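Visitor: Could you have a look at this structure, given as structure tokens, before my questions?
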Amino acid sequence: MERMAESDLAVTAQRLEENAQSMNTVMEAIGSLQPLHRLFAQNYAERFDRLSNTDKQLNGLQQVQEMKLLRERTKADRLQENMLEARNAEDREGDDEAIYDLIDLRFSTPASSKLQK
């Protein structure tokens with residue numbers, strides 16, 4: 001899940017960069033002194049407005065994805081800690097069982113009962 005969140009965030013960051021480049025291109029066209037660009041100034045302004053709205057949406061999406069990524073990383077860290085604790089508990093239980101088996105073996109063999117007498 002963490003990798004998916006990272007991937008989504010990377011895609012959003014790329015889209016933000018592309019949108020910013022488009023906004024710069026439109027601004028250059030609006031500020032151009034060429035007569036051809038002056039004819040389309042209204043279209044450029046509308047395009048810039050749409051790009052600005054898209055920029056706001058992408059920034060909001062990026063914030064949500066960053067929070068999701070942080071949440072997924074926290075979950076992964078907790079799972080890792082729990083896994084290590086469980087593994088340590090299993091190892092300890094195995095060691096305890098081995099000691100109990102040795103104690104049982106020691107007191108259950110006929111040779112040991114002769115030594116005790």
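The values are calculated or read from the model by the stated rules, or taken from the named source; none is laboratory data. The model shown is predicted, which means the values in this text are computed figures rather than measured ones. No Cβ is skipped: glycine too gets one built from the backbone with ideal geometry, and neighbour counts run over all protein chains shown. Heads up: the accessible areas ignore ligands, DNA and RNA and are worked out on the full protein's heavy atoms, side chains in. Shrake-Rupley method; radii C 1.70, N 1.55, O 1.52, S 1.80 Å.
Visitor: When the Kirkwood radius is taken over all Cα pairs of the range 40-95, what Stokes-Einstein diffusion coefficient follows at 25 °C and 0.890 mPa s, in µm²/s?
Guide: 162
Visitor: Then there's this: When each pair of different Cα atoms in the chain is counted once in the 1/r mean, what is the Kirkwood radius in angstroms, to one decimal?
Guide: So the Kirkwood estimate lands at 20.3 Å.
Visitor: Suppose all protein chains stay in the model; what accessible area per residue would a 1.4 Å probe give for the chain, in Å²?
Guide: 82
Visitor: Further question on the same structure: State the percentage of accessible surface on the chain attributable to carbon and sulfur atoms; use a 1.4 Å probe and exclude ligands, DNA and RNA.
Guide: The computed percentage sits at 54.
Visitor: Rounded to the nearest 10 degrees, what's the angle between the helix 41-108 long axis and the longest principal axis of the chain, both from Cα atoms, 0 to 90?
Guide: Relative to the chain, helix 41-108 is tipped by roughly 0 degrees.
Visitor: Let me cross-check residue 104: its accessible surface, 1.4 Å probe, with only protein heavy atoms counted, in Å² to the nearest 10?
Guide: Accessible area of residue 104: about 90 Å².
Visitor: Let me ask you something else. Tell me which chymotrypsin sites (Phe, Trp or Tyr not before Pro) from the range 22-69 have a DSSP coil assignment and no more than 15 other beta carbons within 10 Å of their own.
Guide: 40
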